[in-house]
Amino acid sequence: MLLCIALLVLGTALRQIDRIHFRRARPHTAGSTELIALQRIRSNNLTPTLLLVGQWTQISGWWLLAAQNLLGATVCALAIAVHFRHLQEISHFAVHGVLARGRHANLLLAEVFAHHPLALAPAAVRRDKHVRDHHPNATLDTDPNLAELQAAGLRPGVAPTRFLRALIFPLTPTGAMTTVREIGRNLSQRSGRWHRLAGAAATPALAYTIGGWPALLAGVLIPRLLLYPQFAWLSLINEHTWFDPDPRTGSPAWVEAGRCLRLYPTNRTLTTLAALTWLPYGDLHHYAHSAHPGIRWNYLPALERHLAAPHFTPNALLFGPDSVTQRHRQALNTPAEDGTATAAVDRTQGAYGGSAPHGR
């Protein structure tokens, strides 16, 4: 138990080095030009590496805890699902090129510490899908993320029970099989297949070595196949007003304000809880990120204060008339002129007034 506590404390300390480094001279509110200039000054490869090492140091501590008893295994499963979610979000900034200094360093860190051990798609593939296909087309019919939501059942006229099932899609048998098939596709990539297989195998092998069968089950299989995908799914649902955006043309910030939302704008307790768990590393500030994808998570709060608020700022995710999910359900069941249920707006319109996509 002492070693478990030591690893958790050490991992936490290693993670703070990156936060402290980028926090220096950070303004309370500022525009993108000032923040990018400061970000370039602070850019380095050491503190992001320590951040990722800290994540895996803590994961090792939780694996030790899983071996203690059933309660420890339960806590381990939840904690590691959160860490996997954190690794996903850190690597998200890597594919945007702002985690470390230089394109090669960003992709290398993403692969070594997240994509290989979690059996995610190659970082270069994710970069193309996310940066090229999603960002300029968010909420449009060509958006791959919208296609995922639709495939899970979030379509016009969805029935209440089907809608609720779609909200927990990764936890359903169909969703779990989708996760397994996705992992299989990721590991079958021709580029670097052998080291992807080795990296994916190393994670359960290390968990078993440290904590035995409890760590393998509660520290790898359950988090990777069920809990982490559910956290990531809720994050996706929370990114945009997917089914009733306000189509706009103009500056990137103006366009994104019409299709993004900001959860918990006034509730500091829920904001802190979300940022520590399922909306980490700037994901709570997805609107600011969408407006300026080239800014690291450390500076998104300052940028958000500089921008006008997006068109939807709910204080609830799942419950209540003004919650995110309630808005999605109403949008999917808004009657069209012909009497059929459909989304409230035409999502085939372009963005940015025909200009090039904003981002790096």
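The values are calculated or read from the model by the stated rules, or taken from the named source; none is laboratory data. Note that the coordinates shown come from a computational prediction; the quantities given were computed from them, not determined experimentally. Here the Cβ positions follow ideal geometry from the backbone for every residue, glycine too, while neighbour counts run over all protein chains shown.
Structure notes:
- Listed by position, the helices (runs of 4 or more DSSP H) enclosed by the range 120-213 that each have at least 1 residues that are surrounded by 15 or more Cβ atoms within 10 Å (Cβ to Cβ), at negative phi and among the charged types (D, E, K, R) are 123-127, 160-167.
- If you filter the range 133-150 down to residues that are among the hydrophobic types (A, V, I, L, M, F, W, C) and touching a Phe, Trp or Tyr at 6+ places or on another chain (Cβ under 9 Å), you find that the one that is nearest to Ile237 (Cα to Cα) is Leu149.
- If you go through the range 311-325 and keep only what is hydrophobic (A, V, I, L, M, F, W, C) and surrounded by fewer than 20 Cβ atoms within 10 Å (Cβ to Cβ), you end up with Ala316, Leu318, Phe319.
- Note on the range 284-335: among residues that are of a type in the set (D, E, K, R) and at pLDDT 95 or above, the one that is farthest from Asn44 (Cα to Cα) is Arg329.
- Residue that is over 26 Å from Ala291 (Cα atoms) and either among the acidic types (Asp, Glu) or at pLDDT 95 or above (or both), where the choices are Leu164, Leu149, Leu107: Leu164
- Qualifying residue in the range 126-137 (condition: touching a strand residue (DSSP E or B) at 6+ places or on another chain (Cβ under 9 Å) and at pLDDT below 95): no
- Set Val75, Val98, Val112: member being within 25 Å of Ala201 (Cβ to Cβ) and under 23 Å from the mean Cα position of the chain (by Cα): Val112
- Residues within the range 281-310 that are buried (at least 21 other Cβ atoms within 10 Å of the Cβ), part of a helix (DSSP H, G or I) and basic (Lys, Arg), tallied: 0
- Only residues that are surrounded by fewer than 16 Cβ atoms within 10 Å (Cβ to Cβ), of a type in the set (Val, Ile, Thr) and touching a residue at least 12 places away in the same chain (Cβ under 8 Å) were counted in the range 242-270, giving 2.
- Contacts under 7 angstrom Cβ, first residue in the range 37-59 being farther than 25 Å from Ala215 by Cβ, partner in a helix (DSSP H, G or I) and charged (D, E, K, R), 6 or more apart: Thr47/Asp18; Pro48/Asp18
- Residue selected from the range 30-46 under the condition surrounded by 17 or more Cβ atoms within 10 Å (Cβ to Cβ) and of a type in the set (Ser, Thr, Tyr), by the criterion nearest to Ile20 (Cα to Cα): Ser43
- Tallying residues that are assigned to a loop (DSSP other than H, G, I, E, B) and touching a Phe, Trp or Tyr at 6+ places or on another chain (Cβ under 9 Å) within the range 247-258 yields 4.
- Qualifying positions in the range 85-95 - within 14 Å of Glu111 (Cα to Cα) and within 10 Å of the chain's Cα centre (by Cα): Leu87, Gln88, Glu89, Ile90, Ser91, His92, Phe93
- Residue check, Gly353 modelled with pLDDT under 50 and outside any loop (DSSP other than H, G, I, E, B): yes
- For Gly157: the one exception among (1) touching a residue at least 12 places away in the same chain (Cβ under 8 Å); (2) touching a His at 6+ places or on another chain (Cβ under 7 Å); (3) of a type outside the set (A, V, I, L, M, F, W, C): (2)
- Summed over the range 86-119, residues that are crowded, with 18+ Cβ neighbours inside 10 Å, among the small types (Gly, Ala, Ser) and assigned to a loop (DSSP other than H, G, I, E, B) total 3.
- Qualifying residue in the range 336-350 (condition: modelled with pLDDT of 95 or more and either over 21 Å from the mean Cα position of the chain (by Cα) or of a type in the set (Asp, Glu) (or both)): no
- Pick from the range 175-213, criterion among the polar types (S, T, N, Q) and touching a residue at least 12 places away in the same chain (Cβ under 8 Å), ranking: nearest to Trp233 (Cα to Cα): Thr179
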